[in-house]
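Take a look at the structure set out below.
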Number of protein chains: 2
Amino acid sequence: MDNLMSNPIGVFDSGVGGLTVTREIMRQLPGENIVYFGDTARVPYGSKSKKTVLKYSRQIVRFLQTKNVKAVVVACNTASALALDEIAEEIDIPIIGVVKPGAKMAVETTETGNVGVIGTASTVKSGIYNDYIRELDPHITVVSKACPLFVPLVEEGLIEDRVTDDIVSRYLQEMKEYNVDALVLGCTHYPLIRNAIKRFMGEQVHLVNPAFETAKVLKELLTDKEMLNMSGRRPSYEYYVSDGVESFMSFADSVLPFHVKDTEVIDIESY
Amino acid sequence: MDNLMSNPIGVFDSGVGGLTVTREIMRQLPGENIVYFGDTARVPYGSKSKKTVLKYSRQIVRFLQTKNVKAVVVACNTASALALDEIAEEIDIPIIGVVKPGAKMAVETTETGNVGVIGTASTVKSGIYNDYIRELDPHITVVSKACPLFVPLVEEGLIEDRVTDDIVSRYLQEMKEYNVDALVLGCTHYPLIRNAIKRFMGEQVHLVNPAFETAKVLKELLTDKEMLNMSGRRPSYEYYVSDGVESFMSFADSVLPFHVKDTEVIDIESY
């Protein structure tokens, strides 16, 4: 049992974005070891089909299991939307995604009963945020919108830029018209342009960051199952990618509060 | 021999962009049968490493060979840059890419001796356009620039838009400063925003479209080798993708002068 507690948490994403979730887990669960996998060879998932995203996610979970992870966090909204339920039935360790925690917080936050959800084309098309939100409260109106340009804008570094402000205003215009007061940032890159989104939506709109909520849920889960790492030892963090160590490392440096020294490339198609 | 002539030409790309090359082949070689493969599951290649792009390209060429193609056209600048030379040594049918024909036309066109090249991060980083251009004329100055936002802007349909004009002016500002008079559109999506590029660069700058030049080179090659299809029969076109038939079909409709009826999904990782 002690061995299980010190086993790492496996976190995966289609690429680098899941590091924003990893950062929250490090903050809220500072005793846990973490193995991160970013599928940088096959990124992005946001425009891919359910079948493909499920196949890729299964390969990654098989890889993470070779690292003896005690739990898996799907730090990718698209994979959480398209692959989580199936995989949860196939493995015998706990697995959580970012969608349910984000949906729950949106329901708890809204007062007008109008919730907005933004994400990739696949996440929005899946309708999964809507499903979870309506399950918790069928009276809530959900307005969802795919924002395909946000990820490339973030990756191009246009965090504070008139072009980003312009695109934000076009994508989110209807959120204002529907008078939403809680907006779920349903893609791991979006918290990085939260200032631009806040400027357009106004201070009265609560921006829900599923990364933060997911780390909270993970902590509750590990506490419930008596699986929290209480060793008191300094945690170890391992990073694996399917391609492009360089660009991964530079993004990691912009998200994590320390420098990532080693990242290993894995042939993920062989898992 | 007659059988060989009627065998199809295999054309592949990381996704949908290669259809702009296919369109040129259909125009200039109206008698040829074509098998197109778009790697829509693993798109984009432009941010991936040489090793990964080479692996993916090899899988695709193996797939195309099961269709008895008589020649292969690498309709992707990134794969032409990173994988063509290796694969050419591994197969016994002719294979051509879009880079050499584009480079050749740029050299023939420039009068100032200053040539611009724009493309994905991987194409630009490979320096392959520079190498080919300098090989043809060592006195030419090559100014190259990665334009990662152009593809997402095109795919979001912002062809004529102030945001696209704004991004064009930022990426291409230094092309003006270097006084380039020939600019290679080194990514298959870029010809779709040629008007925006032309507006910024001015009428005096010649935009080189490697798709057009590649179809010309293919015609010369097939003529030389006496492999042109002279059957006089109406050509057949087949389309294969690794994911997402729907979005492929809608892009195809915007590029090709007819409706694509059937597209088949292939498990490309198994080749």
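Readers should treat all values here as calculations from the given coordinates under stated rules, not as data from a laboratory. It should be emphasised that the depicted structure is a prediction, and the values quoted were computed from it without experimental measurement. Quick reminder, even Gly has a Cβ in these numbers, built from the backbone with ideal geometry, and neighbours come from all protein chains shown.
Couple of notes before you dig in:
- Taking other residues whose beta carbon is less than 14 angstrom from the beta carbon of B:F212, and scoring Lys, Arg as +1 and Asp, Glu as -1, yields +3.
- Highest mean packing comes first when the peptides B:5-16, B:245-256 are listed by Cβ atoms within 10 Å, giving B:5-16, B:245-256.
- Taking Cβ atoms as reference points and 10 Å as the exclusive limit, the residues near B:T263 contribute a net charge of -3, counting Lys and Arg as +1 and Asp and Glu as -1.
- Take every Cα pair under 8 Å whose residues are at least 6 apart in sequence, average their separation, divide by the length of the stretch A:7-131, and the relative contact order is 29 percent.
- Annotation: lysines with alpha-carbon distance below 24 angstrom to A:K225 (same-chain offsets under eight excluded): A:K67, A:K70, A:K100, A:K104, A:K216.
- Computed [θ] at 222 nm, helices only, for chain B once each DSSP H run of length n ≥ 4 contributes -39500 (n - 2.57): -13500 deg cm²/dmol
- Across chain A, the fraction of Cα-Cα pairs farther apart than 32 Å, rounded to a whole number, is 20%.
- Sorting the Cα pairs of the protein assembly as shown by distance into bins of 10 Å, from 0 upward, gives 4, 18, 26, 25, 17, 8, 3, 0 percent per bin.
- Volume in Å³ per residue [convex hull over Cα atoms, computed for the stretch B:118-224]: 118
- Neighbours of B:I25 by Cβ distance under 9 Å: Lys/Arg scored +1, Asp/Glu scored -1, total +1.
- For the residue pairs A:K145/B:K51; A:K145/B:K55; B:K125/B:K219; A:K125/A:K176; A:K145/B:K198, alpha carbon separations beyond 27 Å are given by A:K145/B:K51; A:K145/B:K55; B:K125/B:K219; A:K145/B:K198.
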